[in-house]
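Step one of this worksheet: look at the structure below.
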Amino acid sequence: MRTHYCGHLRAEHIGETVTLFGWVDRRRDHGGVIFLDLRDRSGIVQIVSDPERTPDSYSLAEQVRNEYVIKVVGRVSQRPPESLNPKLPTGQVEIYADQIELLNEVRKQMPFQVSTAEQEPVREELRLRYRYLDLRRERMSQNLQLRHRVNRAIRRFLEDEEGFVEVETPILTRSTPEGARDYLVPSRVNPSEWYALPQSPQLFKQLLMVSGIDRYYQIARCFRDEDLRADRQPEFTQLDMEMSFMTQAEILELNERLVCHIFKTVKGVEVPRPFPRLTYAEAMDRYGTDKPDTRYALELVNVSDLVADSGFKVFSGAVKNGGLVKVLPIPGGNEVISNVRIKPGGDLFKIAAEAGAKGLAYIRVRNGDIDTIGAIKDNLSEAQKQQILERSGATDGHLLLFCADAAEVVNATLDRLRQAIAQEMKLIPAEQTNLLWVTEFPMFEWNADEKRLEALHHPFTAPYPEDQSDLKTARAQAYDLVYNGYEVGGGSLRIYQPDLQQQVFEAIGLSAAETHDKFGFLLEAFEYGTPPHGGIAYGLDRLVMLLAGEDSIRDAIAFPKTQQARCLLTDAPSKVDTRQLKELHVASTYKPKPKDS
């Protein structure tokens, strides 16, 4: 019977006899006395086996090696002054092992070192292949425990302080349009019919508001069949919330208190409230993105009006065609960014090209004036030069990077350059936490491929009442929470009147038949007295990733998939038995491409 976890032992336990279980993190033989670092999920404690003081344990201590699983019974002792280890929480004590019992040994060569003291960088593919060993390592073990503490903090706040009810919604549901591709599941008992795994519990949580639940939450598993990135997974976890009879201001205030509670409980960090707020239009204008990292400046400046009639055709032509000209002012940029990097072939040019830009223009500021040569200088008037310097706040040493194109290209280009340059110039405070709300998103965006409008968030988002006369240009009562440049949560007030919901479906091109087929149950529910309601969902994996200081969402998940949506541990997805497919009335039409001869 275990009496304590290894990492919990302190000076107040000196003199106690304890029973510990764990893995040998490291073994050291110092002239006859053997030291074992014993590790469990709580941490490490030093075990001492001395042939004179603890002869019964010594012979076994000679046999054990790293990652052997052992049981230790012994007395907690004060470490000698020369052996104190202030780097370890248990560094004041050690355990003299009266008994050591070998529970299991390592029978194969370890694919990588697990030991805290001997860790080296390991390829991610290897880490994922042997994930159970990777999770033994301190970094990943701490990340999973952090995730547990986040979940616990959420539940305590929502249930104990705010009266939320946790409700589980279905995993097997029906496929609905909009959003990413669904993962589909064939039904054996209903041949030729399919379930879909939920991309979110959106419809069910709105139906719970119709049901009178009033305040719902769920830590929900969701699924999206989409291309993956470092902060995306095909299956993910979100904190899902929905509330009736609350205004947008009340919903944001409650969620600010929730987020502050998480930071205080998990990180011991006090986050000031209220969080800053930017409208979508302001965020795009100043940062070129709806999820700006506001820990550093480098704001974009729109100079379209100043150069609309300039002789520099790249600028005036972009404005004439309905585009923008923006500048990214970089203090000290003259010293660190060479011309070669901005021109074709340079790294900054490549970043711009990947965002869709045809090129970059630039100006260097020296001695209070523009110091550059070529068409941009020759085709700007003195008044235009001074107006650009004044509006951008540029002084000696500034580099001004310009992009002139359609608005979406300009914003994407300068946003990416802003982030890359901030990283390079070390402008991002490592320990700073910036949280802000972005509000007033457009209801719709144009899908050029399908030649139709589609909901920017989802088609259940309510427009501002004053915008309902023209839904195509309406603002949505939507809000995103941005944490250091990452969107970690998003929500909205919902439509709860069936006629307005029908109008939104029509705006995105759904016919009456399609609407009835896909959403008839929702519209019917709205006929029975639906309260005004709104909600939000947080990407829990991404939030934990940021709280842990990781760069990849995979390091916040116990058993993640690769960027090819594969599990290297279990080799999923995999082929299945033909008999299973016959039972489901399913056959594959896929034919592998012939290999090159």
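The values are calculated or read from the model by the stated rules, or taken from the named source; none is laboratory data. From a predicted model like this one, the values you see are computed outputs, not experimental measurements. All Cβ positions, even for glycine, are placed from backbone atoms using ideal geometry, and neighbour counts span all protein chains on display.
Summary of computed values
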item: Listing of strands (runs of 3 or more DSSP E) fully contained in the range 30-91 that carry 1 or more residues being among the basic types (Lys, Arg) and in contact with a helix residue (DSSP H, G or I) (Cβ under 8 Å, 6 or more places away or on another chain); result: 33-40
item: Residue match in the range 294-301 (condition: part of a loop (DSSP other than H, G, I, E, B), modelled with pLDDT of 95 or more and of a type in the set (D, E, K, R)); result: yes
item: Pairs, first basic (Lys, Arg) in the range 192-219, second assigned to a strand (DSSP E or B), C-beta under 6 Å, six or more apart; result: Lys205/Tyr216; Lys205/Glu242; Arg215/Met243
item: Which numbered condition Tyr216 fails, given (1) in a strand (DSSP E or B); (2) in contact with a Gly (Cβ under 6 Å, 6 or more places away or on another chain); (3) not basic (Lys, Arg); result: (2)
item: Residues of the range 39-53 satisfying the condition of being within 27 Å of Ser141 (Cα to Cα), in contact (Cβ under 8 Å) with a residue 40 or more places away in the chain and buried (at least 18 other Cβ atoms within 10 Å of the Cβ); result: Arg39, Gly43, Ile44, Val45, Gln46, Ile47, Val48
item: Condition broken by Thr169, with the remaining ones in (1) on the phi < 0 side of the Ramachandran plot; (2) part of a loop (DSSP other than H, G, I, E, B); (3) more than 25 Å from the chain's Cα centre (by Cα) satisfied; result: (3)
item: Single residue of the range 116-137 satisfying the filter (more than 14 Å from Asp555 (Cα to Cα) and of a type in the set (Asp, Glu)) that is surrounded by the fewest Cβ atoms within 10 Å (Cβ to Cβ); result: Glu120
item: Test for Arg75: is it farther than 28 Å from Gln142 by Cβ, at pLDDT 95 or above, among the charged types (D, E, K, R) and buried (at least 16 other Cβ atoms within 10 Å of the Cβ); result: yes
item: Residue within the range 430-441 that is in contact with a Cys (Cβ under 7 Å, 6 or more places away or on another chain) and not in a loop (DSSP other than H, G, I, E, B) present; result: no
item: Selection from the range 128-165 of residues that are polar (S, T, N, Q) and either closer than 26 Å to Met243 by Cβ or touching a helix residue (DSSP H, G or I) at 6+ places or on another chain (Cβ under 8 Å) (or both); result: Gln142, Asn143, Asn151
item: All positions within the range 434-452 that are surrounded by fewer than 19 Cβ atoms within 10 Å (Cβ to Cβ) and at pLDDT below 95; result: Glu445, Trp446, Asn447, Ala448, Asp449, Glu450, Lys451, Arg452
item: Of residues in the range 571-597 being surrounded by 10 or more Cβ atoms within 10 Å (Cβ to Cβ) and assigned to a loop (DSSP other than H, G, I, E, B), the one farthest from the chain's Cα centre (by Cα); result: His585
item: Within the range 480-570, helices (runs of 4 or more DSSP H) holding 1 or more residues that are more than 15 Å from the chain's Cα centre (by Cα) and either among the acidic types (Asp, Glu) or over 24 Å from Asp470 (Cβ atoms) (or both); result: 498-507, 512-525
item: Hey, Gln199 of a type outside the set (Val, Ile, Thr), closer than 22 Å to Ile557 by Cβ and part of a loop (DSSP other than H, G, I, E, B) or not; result: yes
item: Qualifying residue in the range 206-213 (condition: assigned to a loop (DSSP other than H, G, I, E, B), farther than 18 Å from Ser175 by Cβ, among the β-branched types (Val, Ile, Thr) and modelled with pLDDT of 95 or more); result: yes
item: Complete set of residues in the range 138-166 that are assigned to a loop (DSSP other than H, G, I, E, B) and either surrounded by fewer than 19 Cβ atoms within 10 Å (Cβ to Cβ) or under 22 Å from the mean Cα position of the chain (by Cα) (or both); result: Glu162, Gly163
item: Out of Glu226, Glu168, Glu162, Glu138, sole residue that is among the acidic types (Asp, Glu), under 25 Å from Leu584 (Cβ atoms) and out of contact with any Phe, Trp or Tyr (no Cβ under 7 Å at 6 or more places or on another chain); result: Glu226
item: Only one of Leu9, Leu36 that is more than 18 Å from Ser115 (Cβ to Cβ) and touching a strand residue (DSSP E or B) at 6+ places or on another chain (Cβ under 9 Å); result: Leu9
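Matching residues to (1) farther than 16 Å from Leu103 by Cβ; (2) crowded, with 16+ Cβ neighbours inside 10 Å; (3) touching a residue at least 60 places away in the same chain (Cβ under 8 Å):
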residue: Ala11; (1), (2), (3): yes, no, yes
residue: Val18; (1), (2), (3): yes, yes, yes
residue: Trp23; (1), (2), (3): no, yes, yes
residue: Pro55; (1), (2), (3): yes, no, no
residue: Leu84; (1), (2), (3): yes, no, no
